[in-house]
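To start, the structure under review is shown below, and the notes come after it.
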Ligand code: CP
Ligand code: NVA
């Protein structure tokens, strides 16, 4: 008998494209079942560990586990022994004996990866300084709903070269869309992506775009940084006017109104931010279903869930 590998959800490039697409398809299926959720996670527990603030990630994972019959334990990382008194390995080994999966939000992606090497249960990246893959699954679910496709679209990103931008850039080759990133020159990084281009001309980036995306200019942990460099990258009505007439505006939230995006854009019909936030819940369910499949997740009869 061969042992199946643990399904960690750490960073999009770690996971085969077909698996990512199947997870997204399952998110649609699970959303369609939102009023009769299959009890996939009966008897299973998820530990949720945070060393940064969160509203959407914490709520969506918690509700996802509970609606599908599971349990959650939320821990503040600074109250755990790992913050000073215990090794990553010991924490990983012990948590593996108590729960069926770990969702963790922490600054260091390297530490997240190290933790995953010692666990015998799946680890899910709930955001690191490097990437935010769960967010992008929800974002793509939203794009598919609003535009009926993802492939071939032009997505334009404005502002910081950050964790959320990196996950969008990693997704571009998987779903075969074009991503144009308008990022200030001093913040550019030499990273290879496919289907991704960079510019300092925000108006050019927005031209004929189907999807306009931005994020805070000051990510968690960067408080106090100067933001004047971002002024030309604000999403406002002039910038939206460059995009397709039916372009949508997306933001992972939390939003700093009047900085990266104006209230006018947020109040316009183009804004899909609350649908995007809701989709964190449906995407989380599908990510958890894939991660926990070796932990006893059983597909209920009559619930057609894609195979990975
Ligand atoms: N978008 C997102 O991850 O939100 P939270 O920081 O509230 O979890
Ligand atoms: N880039 C932001 C995303 C928040 C969900 C941050 O890291 O704070």
Checked 219, 167 against criteria (under 15 Å from the mean Cα position of the chain (by Cα), in contact (Cβ under 8 Å) with a residue 24 or more places away in the chain, surrounded by 14 or more Cβ atoms within 10 Å (Cβ to Cβ) and part of a loop (DSSP other than H, G, I, E, B)); the one match is 219
In the set 209, 243, the lone residue that is assigned to a loop (DSSP other than H, G, I, E, B), more than 16 Å from ligand 1 (Cβ to nearest atom) and touching a helix residue (DSSP H, G or I) at 6+ places or on another chain (Cβ under 6 Å) is 243
Of the residues in the range 116-159, those that are part of a loop (DSSP other than H, G, I, E, B), closer than 15 Å to residue 21 by Cα and touching a residue at least 12 places away in the same chain (Cβ under 8 Å) come to 150, 151
Only one of (1) at pLDDT 95 or above; (2) surrounded by fewer than 16 Cβ atoms within 10 Å (Cβ to Cβ) does not apply to residue 81, and that is (1)
Filtering the range 29-61 down to residues that are assigned to a helix (DSSP H, G or I) and within 16 Å of the chain's Cα centre (by Cα) yields 56, 57, 58, 59, 60, 61
Within the range 62-86, residues within 17 Å of residue 127 (Cβ to Cβ), touching a strand residue (DSSP E or B) at 6+ places or on another chain (Cβ under 6 Å), in contact (Cβ under 8 Å) with a residue 24 or more places away in the chain and assigned to a helix (DSSP H, G or I) come out as 77
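The values are calculated or read from the model by the stated rules, or taken from the named source; none is laboratory data. All values reported here derive from a predicted model rather than from experimental measurement. A quick note on method: Cβ atoms are made from the backbone with ideal geometry, for glycine too, and the neighbour counts reach across all protein chains shown.
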